[in-house]
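Reading through the structure tokens given below for one structure.
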Number of protein chains: 2
Amino acid sequence: MKLIEARQQFISSWGAFGTHWGINRTMAQIHALLLVSADPLTQDNMMEELNISRGNANMNIRELIDWGLVERIIIPGERKEYFVAEKDIWKVVKQIVKERKKRELEPMLRLLDQLENVEGDKRDKNIKSFVDTVSGIKKLGKQADKTLDTMVKADENWFIGNLVKMFK
Amino acid sequence: MKLIEARQQFISSWGAFGTHWGINRTMAQIHALLLVSADPLTQDNMMEELNISRGNANMNIRELIDWGLVERIIIPGERKEYFVAEKDIWKVVKQIVKERKKRELEPMLRLLDQLENVEGDKRDKNIKSFVDTVSGIKKLGKQADKTLDTMVKADENWFIGNLVKMFK
DNA sequence: TTGAATTTTCAAAAACTTTTGAAATCTTGA
DNA sequence: TCAAGATTTCAAAAGTTTTTGAAAATTCAA
């Protein structure tokens, strides 16, 4: 398989993959393009390679910066802005985990804390069923939260080393 | 907070949460409703409680069954079908991990295997950048695949026990 | 077997998300 | 300061997904 073709495959699959994870196709494709590019790219480079409009490119690049996955860099003597993606996949994964934890897991746990204190007789089977479900989710959620916290702080070798121990 | 209100909060938040994970709102809400219900529910119960149409209810119930999260049960002497959700959250998580692994991670790893064999001189910086990115993702992906495999087979105490060891 | 109850299907409508592109704003070198 | 180049914004258009509801199919008790 030729490089051009392989790149296209990668970019388009990464885009499709992203849509299963609540990330829009273009954002995932821009990310993929930056991941496989040897050099920094401009917005115009990306617009051309992915066939997307200026507004679309701009919006999604900014969102990637917001997620901490892409960095804007200034090349001295150049007027245009250039962009690069973090290439270390372990760092990318940690960054995504960190953001999703903050944006989704933590608010959910705060809600569950409140919901657990529902009024009424715990012997009522409807109340019991509600409280049991909420407590169960909370318990697993809190554990996941702690685990992810530690993971975000860890380096790759530590992580893989531990997994090997854990699963041998 | 009263039970009715707490249930509504839970159902609506679970729905919003689901949309961040590529699951549609209604499917997540039906799941939430079944999770907090003490008794099996019919399709009509769910239509009424969630204010959704017959077709919508039917489609999403079937999708939940497809994911292995909900079971259809027949109550002797009753004409209607009843539904219950798996209440053990650890089992729910394992089931979701198992399905997503099969539907998303495994196909992605098969693609990466192919893309790694791109033709050309590995000293060309464009080829190097592509191959390095693909290899890096593949390496982490394979590790995740193994880990999730073990997790899917494990029971909760084993899992939490190990995490505690790992992170103490 | 029949027919009322129930479930399933699916085309069209509604809702929601993404993309476009032109205008507005900002930036910087001369 | 100016103006050309670059970036950002955002309303409208296009595209996608979800929902509806009525018709078709299926089920089952009598």
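The values are calculated or read from the model by the stated rules, or taken from the named source; none is laboratory data. Note that the structure is a prediction, hence the values are computed from the model and not measured. Reconstructed Cβ throughout: ideal geometry from the backbone, glycine too, with neighbour counts over all protein chains shown. Areas reflect the complete protein model, heavy atoms only, side chains present, ligands, DNA and RNA absent. Shrake-Rupley method; radii C 1.70, N 1.55, O 1.52, S 1.80 Å.
Between A:Gln143 and B:Arg72, what is the FRET efficiency for a Förster distance of 41 Å, r being their Cβ-Cβ separation, to the nearest 0.05? Before the final figure, lay out each step's value.
Details: r = 31 Å, r/R0 = 0.76.
Rounded to the nearest 0.05, the efficiency is 0.85.
Which entries of A:Lys142/B:Lys87; A:Lys101/A:Lys122; A:Lys91/B:Lys87; A:Lys2/B:Lys125; B:Lys102/B:Lys146; A:Lys102/A:Lys122 show an alpha-carbon separation above 24 angstrom in the structure shown?
Values: A:Lys142/B:Lys87 18 Å; A:Lys101/A:Lys122 31 Å; A:Lys91/B:Lys87 35 Å; A:Lys2/B:Lys125 15 Å; B:Lys102/B:Lys146 12 Å; A:Lys102/A:Lys122 32 Å.
Flagged as over cut-off: A:Lys101/A:Lys122; A:Lys91/B:Lys87; A:Lys102/A:Lys122.
I'd like the per residue volume of the convex hull spanned by the Cα atoms of the protein assembly as shown, given in cubic angstrom.
Details: hull volume 60.2 nm³, N = 336.
For the protein assembly as shown, the hull spanned by Cα atoms encloses 179 Å³ per residue.
Label-to-label distances across copies for B:Glu104, with labels 7 Å out along Cα→Cβ, in nm, shortest first?
0.7
How big is the dipole moment of the stretch B:42-145 about its Cα centre under a simple scheme where the beta carbon of each Lys and Arg is +1, that of each Asp and Glu is -1, and everything else is neutral? Debye, nearest 20, please.
Values: 21 positive and 20 negative charges, 82 e Å.
Dipole magnitude for the stretch B:42-145 comes out near 400 debye.
Hey, got the dipole for the protein assembly as shown? About the Cα centre, +1 on K and R Cβ, -1 on D and E Cβ, debye to the nearest 20?
Values: 56 positive and 50 negative charges, 157 e Å.
Around 760 debye, computed over the protein assembly as shown.
Among B:Ile52, A:Gly120, A:Thr150, which residue has its Cα furthest toward the positive end of the charge dipole of the protein assembly as shown, with +1 on Lys/Arg Cβ and -1 on Asp/Glu Cβ?
Most positive-ward Cα: A:Thr150.
When the accessible area of each residue in the stretch A:94-126 is compared between its chain alone and the complete protein assembly (1.4 Å probe; ligands, DNA and RNA ignored), which residues differ by at least 20 Å², being lower in the assembly?
A:Arg100, A:Glu104, A:Met108, A:Leu111, A:Gln114, A:Leu115, A:Val118, A:Glu119, A:Lys125, A:Asn126
Under a point spin-label approximation (7 Å from Cα along Cα-to-Cβ), what is the B:Leu109-B:Asn51 distance to one decimal in nm?
With each label point 7 Å from Cα toward Cβ, the separation is 4.5 nm.
Helix B:89-100 versus the longest principal axis of chain B: what angle, 0 to 90°, nearest 10, using Cα atoms?
50 degrees
On a 0 to 90 degree scale, rounded to 10, what angle separates helix B:3-19 from the longest Cα axis of chain B?
30 degrees
Tell me, what % of the accessible area of chain A is carbon and sulfur with a 1.4 angstrom probe? Working shown, then result.
Details: 4750 of 9110 Å².
Here it works out to 52 percent.
Please calculate how many Å² of accessible area chain A carries per residue, with a 1.4 Å probe and no DNA, RNA or ligand atoms counted. Intermediate results must be reported in sequence, preceding the final value.
Details: 9110 Å² over 168 residues.
Counting only protein heavy atoms, the per-residue value for chain A is 54 Å².
Quote the charge dipole size of the stretch B:89-167 about the Cα centre in Debye, to the nearest 20; the model charges only the Cβ of Lys and Arg (+1) and of Asp and Glu (-1).
Working: 18 positive and 13 negative charges, 41 e Å.
I would put it at about 200 debye.
Roughly how big is the A-B contact, given as buried accessible area in Å² (both sides, 1.4 Å probe, nearest 100)? Don't skip to the end; give the middle numbers.
Values: alone 11720 and 11720 Å², together 18230 Å².
Between A and B, the summed buried area is about 5200 Å².
Got the relative contact order for the stretch B:89-167 handy, in percent, Cα pairs under 8 Å and 6 or more residues apart? Write out the running numbers ahead of the final one.
On the way: 32 pairs, mean separation 32.2, N = 79.
RCO, the stretch B:89-167: 41 percent.
When N is the residue count of the stretch B:3-85, what does its C-alpha Rg come to as a fraction of 2.2 N^0.38 Å? Please report the intermediate quantities before stating the final value.
Working: Rg = 12.2 Å, N = 83, 2.2 N^0.38 = 11.8 Å.
Dividing the Cα Rg of the stretch B:3-85 by 2.2 N^0.38 Å gives 1.04.
From Cα pairs below 8 angstrom and at least 6 apart in sequence, can you work out the relative contact order of chain B, rounded to a whole percent? Walk me through the numbers on the way to the answer.
Numbers: 140 pairs, mean separation 24.6, N = 168.
Computed over chain B, the figure is 15 percent.
Could you list the residues of the stretch B:88-115 with an amide nitrogen less than 12 Å from a label point located 7 Å from the Cα of A:Glu116 in the Cα-to-C-beta direction?
Flagged as within label range: none.
Look at the axis of the rotation that sends chain A onto chain B, then give the chain A residue with the nearest Cβ and the distance in whole Å.
Result for the A and B rotation: A:Gly22, 3.
What angle do you read, to the nearest 10 degrees and between 0 and 90, between the alpha-carbon axis of helix A:125-153 and the longest principal axis of chain A?
Around 40 degrees separate the two axes.
Using a 7 Å offset from the Cα along the Cα-to-Cβ direction at both B:Tyr82 and A:Asp39, what is the distance between the two label points in nm, to one decimal?
It is 6.9 nm.
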